[in-house]
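Encoded as structure tokens, the structure appears first; notes follow it.
The values are calculated or read from the model by the stated rules, or taken from the named source; none is laboratory data. Computed from a predicted structure; not experimentally measured. Just so you know, the surface numbers come from the protein's heavy atoms only, side chains and all, with ligands and any DNA or RNA stripped out. Shrake-Rupley method; radii C 1.70, N 1.55, O 1.52, S 1.80 Å.
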Amino acid sequence: MDEKAYLVMAVEQARKTMKENLGGPFGAALVDAQGNVFVGSNTVLGSHDPTSHAEVNVIRQACEANKSHDLSGSILYTTCYPCPMCLGACIWANIKTVYYGCTPQDAQAIGFRDDFIYRYIRGGCTDEQILELLPSDREACLQLFAEYSALQKEIY
């Protein structure tokens, strides 16, 4: 298959779940290193889960099928530029190539608010109404991190 065919699969899946009121116009297709194809869509409304974006859903499918959190060699095709959460998921999954159809401005034009998150990140994530360090509780968390390191657990 070619790139267009994978994107068409993503569009068709997004249209299906969009019409079922399960989520927005976001779909994704992932081709793993072995050539297996996974297709998913946004199901935020149906699952009542704000993390159920198309890219995250398809990454979850591929990871489960591959019994691995590492999707090196995979290619992702998505109907829209990934939001910061989905872009982070791609990076954590070691997906190095992502093709997208619509831009963040296209999503914003129909009311999606990814740009708020992009501005927050560009601003240094310093809005304490969103994130605030709890200095009094940091020590317990540092101890937990030290235990993980001492046990030489896998870094991913």
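Over the chain, Cα pairs under 8 Å with separation of 6+ residues give a relative contact order of 16 percent. Accessible surface of region 1-112, 1.4 Å probe: 57 percent of it comes from carbon and sulfur atoms.
The count of lysine pairs in the chain that are at least 8 places apart or cross chains, and whose C-alpha atoms lie under 20 Å apart, stands at 4. Across 30, 45, 76, mean-square fluctuation computed from a Gaussian network of the chain (C-alpha pairs under 10 Å connected) peaks at 45. Compute the separation of the alpha-carbon centres of region 95-156 and region 1-71 and state it in Å as a whole number. Spelled out, the Cα-based centre of one part sits 22 Å from the other.
Among the protein heavy atoms, those of residue 9 account for about 50 Å² of accessible surface (1.4 Å probe, every chain in place).
Only helices enter the 222 nm calculation for the chain: every DSSP H run of n ≥ 4 contributes -39,500 (n - 2.57), and dividing by all residues gives -13500 deg cm²/dmol, rounded to 500. Heavy-atom accessible area, probed at 1.4 angstrom with all protein chains present, ranks 75, 95 as 75, 95, highest first.
Give the accessible surface of the chain per residue, rounded to a whole number of Å², with probe radius 1.4 Å and ligands, DNA and RNA excluded.
Value returned for the chain: 66 Å² of accessible area per residue.
Counting only DSSP beta bridges whose two residues both lie in the chain, roughly 65 percent are antiparallel.
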